[in-house]
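Right, one structure below, let's go through it.
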Amino acid sequence: MSKEFLVHLKDLWKSYLLLLFLFAWLRIILIVIESFIEKFIVAYSEVLIVYAIYCFSIMVFSLLGAICSEIIKRQWTLRIWILMAISSCFVYLLPRSNIMLILYPFLGGLSFGFGLPVNLSYFGDCTSILNRGRMSSILFFTISLIFPFLTVINNFFATNSLLLFSLIFLVLLLFLSSKQEDKVIVEKKILYSHILADKRFLSYFIPWCMFCFIDALEAPLLEYFLIGTFGVNFRDSVLFIETVTAALSVLIVGFVIDLYGRKEALIYGFVTLGIAYAIVGVFPYFMLSWYFYSIIFGVASGFFAVIFIFAIWGDLSLRGIREKYYAIGSLPYFFGVFISKLSMPYLEELPVSASFSLAGFFLFLAVIPLLYAPETLPEKAIKRRELRKYIEKAKKIREKYEKEKD
């Protein structure tokens, strides 16, 4: 193996490790905030304040973190993020009081949001457009496997889990403090306004916004309806099917999009999800329609998560200036989390049939920008795959002809 390959492999492993702990930290933050809400907060307005501070601090500091990475070297941006996470760990250990209603979600959003674009950009630079899908699938599947263990660990060792994470972040800080060269040289900077004016970016960003907004409104409504109509056990079985199919689709989608392209996978995902919403809108009282919906939604959400979180923004951006693309690309998801909490008390009043049918209609509309979107996977790679398939088919026909001739 060449020295260049080993260096690349080391960088890829480092980006995997950093993203693994970034999303693990996100999970721990959510667990701490949810436990704080359960023990100390009763009023809905207080819950809304907590999630508003949390979501908007993630969004604001993601945008600021991307700007910061243009001003100073990536290694220093990563060190600042780790110091923020370590500080948050120790603040979470302080006695809980009314001020923590603001401090917990703010520090959580700050420590996660600041590190999000720089870590995703680092991962984007360590992968190529030809293997980014596969690498994203493996990474996200690993993250999804860790989440349940983090919940169990925190339930039994709430204080120790925070101390453990502070120790892990300290080790990461020492690891990043070793003498390293920042190989990415940024020759130019890009403004947020230029990204938002880019038609290529908008053709993928608009469908992503529509999915996040629809999911934010429909997820609580779906839970209310399933519990009220079929009971908690049926709701749990539907969620279990969604989780399993999403995990399997996450593992598969990267290999699919590296072969067939991002655009085609997204179009099929939005169309099938729109059909699933339309079916449960027309037949909301048939259990079979909900099982169909849970499978389709699980597959589609796994596809969307890998493509819209890890792959597509790296494809559309250039090496060294990817942070702002990833920062903007993450905004719809966290804004959707806030919208979901904000609309929760009012969703029970909506007619279920009309709501899901309308969601299906808007998901079909989301396909329109994708039809005009450029395929980010190089045309050469797609043609190479088609040529390989054609050659294999020709070989089979030849072998069959020779056997018949004999």
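For the stretch 283-390, the list of GluC sites (Glu not before Pro) that fall in a loop by DSSP and count at most 16 other C-beta atoms within 10 angstrom reads GLU375. In this simple spin-label model, placing a label point 7 Å from the Cα along the Cα-to-Cβ direction at both LEU170 and LYS73 gives a separation of 2.5 nm. 3J(HN,Hα) along the stretch 233-241, derived from phi through the Karplus expression 6.51 cos²θ - 1.76 cosθ + 1.60 where θ = phi - 60°, amounts to 4, 5, 4, 5, 5, 5, 5, 5, 4 Hz, with x in place of Gly and Pro.
Most tightly packed first, judged by the mean number of other beta-carbon atoms within 10 Å of their residues, the peptides 282-292, 310-320 read 310-320, 282-292.
Per-residue Karplus couplings for the stretch 17-30, computed as 6.51 cos²θ - 1.76 cosθ + 1.60 with θ equal to phi - 60°, are listed in order as 4, 5, 5, 4, 6, 4, 6, 5, 5, 4, 5, 5, 4, 4 Hz, Gly and Pro entered as x.
With 30 Å as the limit, write out which pairs from LYS14/LYS39; LYS199/LYS380; LYS10/LYS380 have Cα-Cα distances beyond it, or answer none. With Cα atoms farther than 30 Å apart: LYS14/LYS39.
Once the chain from ASP236 to VAL91 is taken as fully extended at 0.36 nm per residue, the excess over their C-alpha distance is 48.7 nm. Estimated at 0.36 nm per residue, the fully extended path between LEU130 and LEU288 surpasses their Cα-Cα distance by 53.0 nm. Rounded to whole numbers, the Karplus 3J(HN,Hα) couplings from phi for the stretch 126-133 are 8, 10, 10, 5, 7, 10, 5, x Hz, using 6.51 cos²θ - 1.76 cosθ + 1.60 with θ = phi - 60°, and x at Gly and Pro. Applying 0.36 nm per residue to the separation of GLU223 and ILE102 and subtracting their alpha-carbon distance, the gain on full extension is 40.7 nm.
Computed from the coordinates by the stated procedures, all read-outs in this text should not be read as laboratory data. What you see is a predicted model; the values in this text were computed from it and never measured. Cβ coordinates were reconstructed from backbone atoms using ideal geometry, including for glycine residues, and neighbour counts include every protein chain displayed.
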